[in-house]
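Notes follow once the structure below has been shown.
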Amino acid sequence: MTDGSTLASPDDPEVRKLFTQLAERLAALHTAKEYMDAWSRSYGKELAESDIDNMLKYYRSPVGKRDIRASQSAIAAFSQTIANEQMVRMTALTENMVKELKAITTK
């Protein structure tokens, strides 16, 4: 990897593994429960109890149930797409940073 006098290459498998682990740790900073708790504290403020009752009627209806399934599928696919794209972008940024650091250290 590195002997301490030079920067590790972004092509080094250990460096890539390290940044993959970093991306995974960043993605895990908040749990789904934390997101849901924060959402529920904010969402209900603008709704009356009758609004919630009407929403429940909708979500218990056949079309409401299909809406829920479609939303769950979309959220899963969306989350995976964003996570993959963040990894690609973070890798590119990291590689660029390593190149810039190498340029600074070789002056």
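Annotations for the structure displayed:
- Applying the set (1) at pLDDT 90 or above; (2) not in a helix (DSSP H, G or I) to residue 53 leaves exactly one unmet item: (2).
- Meets criteria (surrounded by 10 or more Cβ atoms within 10 Å (Cβ to Cβ), under 26 Å from the mean Cα position of the chain (by Cα), assigned to a helix (DSSP H, G or I) and not aliphatic (A, V, I, L, M)) for residue 85: yes
- Answer residue from the range 88-107, given it is of a type in the set (Lys, Arg), assigned to a helix (DSSP H, G or I) and more than 15 Å from the chain's Cα centre (by Cα) and is modelled with the highest pLDDT among those: 99
- Answer from 94, 31 - the residue that is among the polar types (S, T, N, Q), under 30 Å from residue 13 (Cα atoms) and in contact (Cβ under 8 Å) with a residue 60 or more places away in the chain: 94
- Selected residue [of a type in the set (Val, Ile, Thr) and under 18 Å from residue 22 (Cβ atoms)] from 81, 91: 91
- Residues satisfying the criterion are absent from the range 49-57 (criterion: more than 14 Å from the chain's Cα centre (by Cα), surrounded by 12 or more Cβ atoms within 10 Å (Cβ to Cβ) and touching a residue at least 12 places away in the same chain (Cβ under 8 Å)).
- Scanning the range 58-70 for residues that are surrounded by 11 or more Cβ atoms within 10 Å (Cβ to Cβ) and either basic (Lys, Arg) or part of a helix (DSSP H, G or I) (or both) yields a total of 6.
- Residue in the range 29-43 that is modelled with pLDDT of 90 or more, surrounded by fewer than 10 Cβ atoms within 10 Å (Cβ to Cβ) and aliphatic (A, V, I, L, M) present: no
Residue by residue, here is whether (1) out of contact with any Gly (no Cβ under 6 Å at 6 or more places or on another chain); (2) closer than 12 Å to residue 94 by Cα; (3) assigned to a helix (DSSP H, G or I) holds:
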site	(1), (2), (3)
19	yes, yes, yes
26	yes, no, yes
30	yes, no, no
37	yes, no, yes
43	yes, no, yes
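The values are calculated or read from the model by the stated rules, or taken from the named source; none is laboratory data. Note that the structure is predicted; figures quoted are calculated from it, not measured. Counting neighbours? That spans all protein chains shown, and the Cβs are built from the backbone with ideal geometry, glycine included.
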